[in-house]
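Novice: Okay, handing you the structure first.
The values are calculated or read from the model by the stated rules, or taken from the named source; none is laboratory data. None of these values were measured; they are calculated from a predicted model. Neighbour counts run over all protein chains shown; Cβ positions are idealised from the backbone, glycine included.
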Amino acid sequence: MAQITVVGSFAVGLTIRSDTMPVFGETIRGSDFNFGPGGKGSNQAVGVARLGASSSLVTCLGQDQLAAVATELYAAEGVDTSNIIHTTEKPTGAGVIVLNAEGENFIILDPGANDLMDGAFVEKSKAQIEASDIVMAVLEIPVEGAQRAMELGHAGGAATILNPAPATALPDAIFEHVDFLTPNETELRILMGLAPDDLTPTRDLALRLRDQGVGTIIVTMGPAGALVLSDGIDEIVETPKVDVVDTTGAGDAFNSGLAVALGEGRPLLAAVRYATCCGAHACTKLGVIPSLPTRDKLMAIFETNWNEDRS
């Protein structure tokens, strides 16, 4: 069984719906309040565990009631928590989401303890990272921390996956330690210093970015598939067609599936097909955690869309 370590974020999302938006000083009635676990690092660690791999999470939580949401989640899902640190310096990360009747929203996010995950913080989990088969990182933590995770994983012989979300400028030095970079089309443009809606073809931008030293770039393009650029590979892998309910967790599911498939030794294109099936499944249910597939659900989609002997 592959050992997969995710270095990333946890946050609790608190959502409330309102017909109108308040002005300063006004109190209004809302409805449909909900709160639950989130954070891209946490989501991906749960996704990995659900698919049957050995999943460990490196993250930082406060010493507060919201931290208990994480603790309960990982106990239920089988995520190793031995590299989670609790701090009194900052609270557990949290986001407040207000939705109006049209489904539009505004979000106020306090990263909280996630902001403490710099290079020195990640260094404390060096033994875990270097003993892993796959090391994953996201950018809801300081770039310095994500870069150190990639460096340690690479040095230890692990395959490294950087999901650059939310996208931000990255130092060139990080790319030589990244085996698989997995932006979506918007994130790709931001990484290149362009406007999110820049009209330059996605493939041209991905080729340009790959020249900066990344081993493989996989650009997720929603229903248009996933563009894979690697040594000798320049191909778009189709996305299975499903009835879309909520796309929120698709990226996290995709990355979890990619990591597990690579950890099982699947060839690159087969691993990306596996990942697209995970992403597709995540679009069929409301909410991120409920939409992350188990192995059985995932294989049902995979076997419907792909023959195992295709590589």
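Novice: Please work out if residue 260 is among the β-branched types (Val, Ile, Thr), within 17 Å of residue 306 (Cβ to Cβ) and buried (at least 24 other Cβ atoms within 10 Å of the Cβ).
Specialist: yes
Novice: Give me the pairs, please: first residue somewhere in the stretch 101-116 and of a type in the set (Phe, Trp, Tyr), second residue anywhere and at pLDDT 75 or above, beta-carbon distance under 7 Å, and either six or more positions apart or on two chains.
Specialist: The qualifying pairs are 106/98.
Novice: I've got another one for you. Considering only the stretch 231-244, how many residues are touching a Leu at 6+ places or on another chain (Cβ under 9 Å) and crowded, with 18+ Cβ neighbours inside 10 Å?
Specialist: Keep residues of the stretch 231-244 that are touching a Leu at 6+ places or on another chain (Cβ under 9 Å), which gives 233-237.
Now narrow it down to the ones that are crowded, with 18+ Cβ neighbours inside 10 Å: 237.
Number satisfying all stated conditions: 1.
Novice: Same structure, new question: Can you give me the ranges of the strands (runs of 3 or more DSSP E) entirely in the stretch 77-139 with at least 3 residues that are under 21 Å from residue 160 (Cα atoms)? Outline the logic, then answer.
Specialist: Values: elements: 84-87, 93-99, 105-110, 134-138.
Because the criterion is at least 3 residues that are under 21 Å from residue 160 (Cα atoms), the strands (runs of 3 or more DSSP E) in the stretch 77-139 that meet it are 134-138.
Novice: Let me ask something additional. Would a scan of the stretch 155-164 turn up a residue that is hydrophobic (A, V, I, L, M, F, W, C) and within 25 Å of residue 248 (Cβ to Cβ)? Step through it out loud before you land on a result.
Specialist: We begin by selecting, within the stretch 155-164, every residue hydrophobic (A, V, I, L, M, F, W, C); these are 155, 158-159, 161-162.
The next check asks that each one be within 25 Å of residue 248 (Cβ to Cβ); those that pass are 161-162.
Within the stretch 155-164, one or more residues are hydrophobic (A, V, I, L, M, F, W, C) and within 25 Å of residue 248 (Cβ to Cβ).
Novice: Looking at the stretch 38-58, which of its residues are in a strand (DSSP E or B) and either of a type in the set (Phe, Trp, Tyr) or without any contact (Cβ under 8 Å) to a residue 60 or more places away in the chain (or both)? Write out each step before concluding.
Specialist: Filtering the stretch 38-58 down to residues in a strand (DSSP E or B) leaves 38, 54-58.
Within the stretch 38-58, 54, 55, 57 qualify.
Novice: Would it be correct to say that residue 182 is closer than 22 Å to residue 299 by Cβ, of a type outside the set (Asp, Glu) and surrounded by 13 or more Cβ atoms within 10 Å (Cβ to Cβ)? Before the answer, list the steps.
Specialist: Numbers: closer than 22 Å to residue 299 by Cβ: yes; of a type outside the set (Asp, Glu): yes; surrounded by 13 or more Cβ atoms within 10 Å (Cβ to Cβ): yes.
So residue 182 passes the test.
Novice: Would you point out which residue out of 259, 253 is closer than 26 Å to residue 39 by Cα, touching a Gly at 6+ places or on another chain (Cβ under 7 Å) and at pLDDT 95 or above?
Specialist: Working: 259 fails: touching a Gly at 6+ places or on another chain (Cβ under 7 Å).
Matching residue, one of 259, 253: 253.
Novice: Are any residues in the stretch 74-100 among the small types (Gly, Ala, Ser) and touching a strand residue (DSSP E or B) at 6+ places or on another chain (Cβ under 8 Å), and if so, which ones?
Specialist: First pass over the stretch 74-100, keeping only residues among the small types (Gly, Ala, Ser): 75-76, 78, 82, 93-95.
Across the stretch 74-100, the qualifying residues are 78, 82, 93, 94, 95.
Novice: Across the stretch 122-168, what is the number of residues that are surrounded by fewer than 21 Cβ atoms within 10 Å (Cβ to Cβ) and among the basic types (Lys, Arg)?
Specialist: Of the residues in that region, 2 qualify.
Novice: Taking into account only those residues within the stretch 149-180 that are modelled with pLDDT under 95 and part of a loop (DSSP other than H, G, I, E, B), which is farthest from residue 39 (Cα to Cα)?
Specialist: 171
Novice: So residue 204 clears everything in (1) assigned to a helix (DSSP H, G or I); (2) within 20 Å of the chain's Cα centre (by Cα) except one condition, right? Which one?
Specialist: Of the numbered conditions (1) assigned to a helix (DSSP H, G or I); (2) within 20 Å of the chain's Cα centre (by Cα), the odd one out for residue 204 is (2).
Novice: Name the single residue, out of those in the stretch 281-311 being surrounded by fewer than 24 Cβ atoms within 10 Å (Cβ to Cβ) and small (Gly, Ala, Ser), that is farthest from residue 44 (Cα to Cα).
Specialist: 311
Novice: While we're here: Can you tell me which residue among 188, 162, 109 is farther than 26 Å from residue 272 by Cα and within 19 Å of the chain's Cα centre (by Cα)?
Specialist: After ruling out the rest, the residue left standing is 109.
Novice: Which one of the conditions (1) touching a Pro at 6+ places or on another chain (Cβ under 6 Å); (2) of a type in the set (Ser, Thr, Tyr); (3) at pLDDT below 90 does residue 239 fail to meet, given that it meets all the rest?
Specialist: Going through the list (1) touching a Pro at 6+ places or on another chain (Cβ under 6 Å); (2) of a type in the set (Ser, Thr, Tyr); (3) at pLDDT below 90, residue 239 breaks only (3).
Quick grid of which residues meet (1) farther than 28 Å from residue 113 by Cα; (2) at pLDDT 95 or above; (3) surrounded by 23 or more Cβ atoms within 10 Å (Cβ to Cβ); (4) touching a strand residue (DSSP E or B) at 6+ places or on another chain (Cβ under 7 Å):
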residue	(1), (2), (3), (4)
50	no, yes, yes, no
57	no, yes, yes, yes
61	no, yes, yes, yes
72	no, yes, no, no
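Novice: In the stretch 1-37, how many residues are among the small types (Gly, Ala, Ser), assigned to a strand (DSSP E or B) and crowded, with 24+ Cβ neighbours inside 10 Å?
Specialist: Just the residues of the stretch 1-37 that are among the small types (Gly, Ala, Ser), to begin with: 2, 8-9, 11, 13, 18, 25, 30-31, 36.
Filter once more, keeping what is assigned to a strand (DSSP E or B): 11, 13, 31, 36.
Right, trim to crowded, with 24+ Cβ neighbours inside 10 Å and you get 11.
Result for the stretch 1-37: 1.
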